[in-house]
Amino acid sequence: MKPLQIVELLSLAAVWGGSFLFMRIAAPEFGPIWLIEIRVLLAALTLLPLLLKQGLWHELQRHRRALMVVGLLNSALPFSLLAFTSLFLPAGMTAILNGTVPFFGVAVAYVWLREPLTLSRLLGLLLGFVGVVVLVGLRGTAITPDILWAIAAGLCAALMYAIAAPFIRLNLQGVPSLVFATGSQLSAAVFLLPLLPFTQPDDLPSQRAVLAVLGLALLSTSLAYILYFRLIHSVGSTRALTVTYLIPLFAILWGALVLNEAITVSMLAGGALILWGTAIANQVIKLPFGTAPSP
């Protein structure tokens, strides 16, 4: 990778890692549903002029049904679940749970796409599972029902992303990335809209929370999508996806610097095991055994 591409990769990890900080700040005041509705709507309205300028509106209409599914599975549900998780867990821990997406992706690909499970992939899945257990079991505070629900929500969000990935691969192959980004965010906004009357905040949010929402929508969604698709175009999807392993590091950093969140042994040990297992399962780290033979 060229120096500029490395800078873009680190910038993407920084703004995506910042999303967990922004949610941690804004979710208690807005509530998960209102927070995510504002996030996806502002992101969609930011991307829409770019889509119209490039004459891609007909592509969005052509693939609107598939984009509705993606908006639900890849944005509305996981974003809302992660916002709920951020009510109870530090930004870094929420990001580590989100880092299990490729871990679940291997399992989903095996069930849905019949991709083979090699010995190295099985070892990676086992390490990832142990990492989740360590992340939960070595916490310095008591494990309350709220904490368990938050952890479950974070893992369910990761599972939603993993389920959405093969659907996108099978149904939206070759669709321009700007169409995918804009259509999915618009669709997510439509899905969440009926829930707004039942989940409105009790009080007006503070200026700090409003700024966090703007950062979440404009930096961690709109700008992040643009950076991500630039990287896919310049270095390929495989290298671009390595950002997954950097996001928790930045989320932990932002949480510590801005919110004075503690960096615990469970976060370091569990996060390392999860990322190590995920990297092995996705063959980012290749072991000398258990690889599938070449066709």
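For Pro116, all conditions in the list (1) exposed (fewer than 15 other Cβ atoms within 10 Å of the Cβ); (2) farther than 28 Å from Lys286 by Cβ hold save one; what is the number of the exception?
Checking Pro116 against (1) exposed (fewer than 15 other Cβ atoms within 10 Å of the Cβ); (2) farther than 28 Å from Lys286 by Cβ, the one that fails is (2).
Taking the range 185-206, which residues are farther than 19 Å from Ser86 by Cα and among the polar types (S, T, N, Q)?
Gln185, Ser187, listed by residue number.
Criterion first (farther than 18 Å from Ala152 by Cβ, of a type in the set (A, V, I, L, M) and in contact (Cβ under 8 Å) with a residue 24 or more places away in the chain) does Leu51 satisfy it?
On the way: farther than 18 Å from Ala152 by Cβ: yes; of a type in the set (A, V, I, L, M): yes; in contact (Cβ under 8 Å) with a residue 24 or more places away in the chain: yes.
So Leu51 fits the description; yes.
Got at least one residue in the range 93-109 being more than 16 Å from the chain's Cα centre (by Cα) and not hydrophobic (A, V, I, L, M, F, W, C)?
No, the range 93-109 has no match at all.
Return only the number of the condition from (1) charged (D, E, K, R); (2) over 21 Å from the mean Cα position of the chain (by Cα); (3) within 25 Å of Leu56 (Cβ to Cβ) that Arg169 does not satisfy.
It is condition (2) that Arg169 fails.
Could you tell me which residue of the range 100-112 is nearest to Phe22 (Cα to Cα), considering only residues that are β-branched (Val, Ile, Thr) and in a helix (DSSP H, G or I)?
Residue satisfying both the conditions and the ranking: Val101.
For residues in the range 244-278 being of a type in the set (Val, Ile, Thr) and under 19 Å from the mean Cα position of the chain (by Cα), which is farthest from Thr100 (Cα to Cα)? Full working, then the answer.
First, the residues of the range 244-278 that are of a type in the set (Val, Ile, Thr): 244, 247, 252, 258, 263-265, 274, 278.
After this cut, where a residue has to be under 19 Å from the mean Cα position of the chain (by Cα) as well, the list is 244, 247, 252, 274, 278.
On the way: Thr244: 9, Ile247: 12, Ile252: 16, Ile274: 7, Thr278: 7 Å.
Here the answer is Ile252.
Output the residue which, of all residues in the range 68-113 that are within 9 Å of Ala158 (Cα to Cα) and either in contact with a strand residue (DSSP E or B) (Cβ under 8 Å, 6 or more places away or on another chain) or β-branched (Val, Ile, Thr) (or both), is surrounded by the most Cβ atoms within 10 Å (Cβ to Cβ).
The selected residue is Thr100.
In the range 1-38, which residues are under 15 Å from Leu218 (Cβ atoms), surrounded by fewer than 24 Cβ atoms within 10 Å (Cβ to Cβ) and among the polar types (S, T, N, Q)?
Across the range 1-38, the qualifying residue is only Ser11.
Given the conditions (1) under 30 Å from Ala150 (Cβ atoms); (2) within 21 Å of the chain's Cα centre (by Cα), which single one is not true for Glu29?
With (1) under 30 Å from Ala150 (Cβ atoms); (2) within 21 Å of the chain's Cα centre (by Cα) applied to Glu29, the lone miss is (2).
Would you check which residues across the range 211-232 are of a type outside the set (S, T, N, Q), crowded, with 16+ Cβ neighbours inside 10 Å and under 22 Å from Phe84 (Cβ atoms) and list them?
Ala212, Val213, Gly215, Leu216, Ala217, Leu219, Ala224
Out of Leu81, Leu67, Leu97, which single residue is closer than 28 Å to Gly18 by Cβ, of a type outside the set (Val, Ile, Thr) and touching a Cys at 6+ places or on another chain (Cβ under 7 Å)?
Testing whether each residue is closer than 28 Å to Gly18 by Cβ, of a type outside the set (Val, Ile, Thr) and touching a Cys at 6+ places or on another chain (Cβ under 7 Å) leaves just Leu81.
Check Leu246, Leu172, Leu196 and return the single one that is at pLDDT 95 or above and touching a Phe, Trp or Tyr at 6+ places or on another chain (Cβ under 9 Å).
Checking each option against the conditions leaves just Leu196.
The values are calculated or read from the model by the stated rules, or taken from the named source; none is laboratory data. These figures come from a predicted structure and were not determined experimentally. Virtual Cβ from ideal backbone geometry, glycine too; neighbours counted across all protein chains shown.
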